[in-house]
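See structure below.
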Amino acid sequence: MSHRLYGSPWHGIALGLLSTFAGLAVAELMTGLVKGASSPVLPVGQEIIDVVPPGVKDWAIETFGTADKAVLILGTVISLAVIGSIVGILAVRGARAAAYAVTSVVGLIGVWAVSMRPAPSFGKMLPAIVGTVVSIAVLWWLSPRSVAADRTTADLSADDHEPVGSGPTTTELVPVAGTSRRGFVMGGAIVAMGAVLLGGLGRVLKRRFDVDDEREALTLPEVDDTVPDPPMVEASATSFDGNDFGLEGVTPFVVPNSDFYRIDTALSVPQVSKDDWSLRIHGMVDNELELSFADLLSRPMIERPITLSCVSNRVGGDLVGNAVWQGVRMKDLLDEAGVHPEATQTVSRSIDGWSCGSPTSVIMDGRDAMVAIAMNGEPLPAEHGYPVRLVVPGLYGYVSATKWVTEIEMTRWEDFDGYWVPRGWAKEGPIKIMARIDRPSSGRTLDPSADGAVDIAGLAWAVHRGISRVEVEIDEDGEWRECELAGVPSDDTWRQWRYRWTDFTPGEHRVTARAYDGEGEAQPVGPKAVAPDGAEGYHSVRFEIDA
Ligand SMILES: Nc1nc2c(c(=O)[nH]1)N[C@H]1C(S)=C(S)[C@@H](COP(=O)(O)O)O[C@H]1N2
Ligand SMILES: [Mo]
């Protein structure tokens, strides 16, 4: 650093960034040392999520998909860096007290944000506290001060009262690096290296809290009640007898775990060990139940393919998927607990404090609502709720599918609102009927198959009501052509459909699809936005057939 830069705003920004990132790095280290300790960055971001209006949240989900969290974390870190830079400029301008004060306030916001999470504890707040202390220590150590002035005072007092050299000057007792340009560069390098090392160490140490290993080692219990494979209800007139046409570009009937959409408010995936987990069923019940993971595993197990959808799924969107879930029927557990007739709402809560409420009548009406432990033959992936989540056929995820579930409370419909309800989403969330075109994908060229047909295909769902018919219209000619339907194991899954267009012409086209549910009711024309209770409208795609 040149003489000109020492004391300049750039010097201040460098100091501020060093202080900020040293604090964040040590916070990261603490999360690796103390189990359950929370980085303050995530909760501060979470508080931001909690205050943004649903419209903005919705926009974020649509714009960034599941990357919205990464964007939020990045935004929080950038904000901290900006505040840190201002703090550094204050410090090099001699306003050290103000610099310490602002840093303390930022630290307190971090501690507060952590305390707003469920089950706050001192251990959880440690990273924010220690990180703030380290930030202030770095500011103190690297801030410039007028050595001459210190010396003069010290020397004067020494001259007056004490033998020379024993005066208590800051510079002599503690080597403050910031007092010289050279000292700042050296000290800054030490702080930067230390931050990288300690932050990295924290990351490595934190891995020991991951549930990956215990998840891998877990053996799933036998299923007592499953649907036959290949499970089928009546396929369409063309009697195609598989679940999957196997067409390129069409989402498979069962979506692999790695491709399954993920939506939640958790900024870091909760790592919940099955040994620490329990499920409490309480509220308006005769006998409160508390189940350990082993208790749950010893119960009769069902296995069902069920389609899950997010209420934020737009027409044609991919926040929807079908998986084979294994678990215990919720009804069995609730019957054992003895639900009071006035308990019209089944509230579930997750370890991270998220909650939702489902109509008890829906949970208990005989559908395969379950407390699930497995997804597509594997223990639930951590991001899909390991060790235990809920799955309710026919309800959007935000009112039913609690991941990392630890609590079911039976209460009245009017006595509680789940997480998304006060944020502008409907209290009731039955999944709406929808047809989606996967092939062709929008704007693409579609080639005829060897037997001379252009295969248009996709998926349709009306979860728990089933799909009885899908039609496509080509080039808005007003003619709705009936599609072939693949087989399905039950009304709880989506259904593949296909239209083999034989009398096609090369050039640009547009295809639109619509579905009918199990009762023959047609998909509404819409259009309706996703908020407050799910999108409506026909999916339509432009494509081209080469000459
Ligand atoms: N704990 C918790 N569970 C949750 C959520 C959440 O934010 N936290 N989001 C719900 C929503 S909105 C949906 S759509 C589904 C998505 O489940 P998936 O991520 O396994 O696809 O989870 C539900 N369960
Ligand atoms: Mo959702």
Being of a type in the set (D, E, K, R) and within 12 Å of ligand 1 (Cβ to nearest atom) is the filter; apply it to segment 246-278 and report the residue that is modelled with the highest pLDDT.
ASP259
Kindly indicate whether ILE281 is within 16 Å of ligand 1 (Cβ to nearest atom), closer than 18 Å to ALA401 by Cα and of a type in the set (Val, Ile, Thr).
no
Which members of segment 255-277 meet the condition of being under 26 Å from ASP455 (Cα atoms) and either surrounded by fewer than 16 Cβ atoms within 10 Å (Cβ to Cβ) or small (Gly, Ala, Ser) (or both)?
PRO256, ASP259
In segment 351-373, how many residues are crowded, with 22+ Cβ neighbours inside 10 Å and either among the aliphatic types (A, V, I, L, M) or not assigned by TED's automatic domain parsing to the domain that holds MET330 (or both)?
6
Is there a residue in segment 346-355 that is of a type in the set (Asp, Glu) and either at pLDDT 95 or above or in contact with a strand residue (DSSP E or B) (Cβ under 8 Å, 6 or more places away or on another chain) (or both)?
no
Selection count, segment 342-399, where residues are outside any strand (DSSP E or B), closer than 16 Å to GLU303 by Cα and within 10 Å of ligand 1 (Cβ to nearest atom):
1
Can you find even one residue in segment 416-425 that is surrounded by fewer than 19 Cβ atoms within 10 Å (Cβ to Cβ) and either among the aromatic types (Phe, Trp, Tyr) or near ligand 1 (Cβ under 9 Å from one of its atoms) (or both)?
yes
Looking at segment 437-448, can you tell me whether even one residue there is in a strand (DSSP E or B), within 16 Å of ligand 2 (Cβ to nearest atom) and not aliphatic (A, V, I, L, M)?
no
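The values are calculated or read from the model by the stated rules, or taken from the named source; none is laboratory data. Remember, it's a predicted structure, so these values are computed and weren't measured experimentally. All Cβ positions, glycine included, derive from the backbone under ideal geometry; neighbour counts span all protein chains shown.
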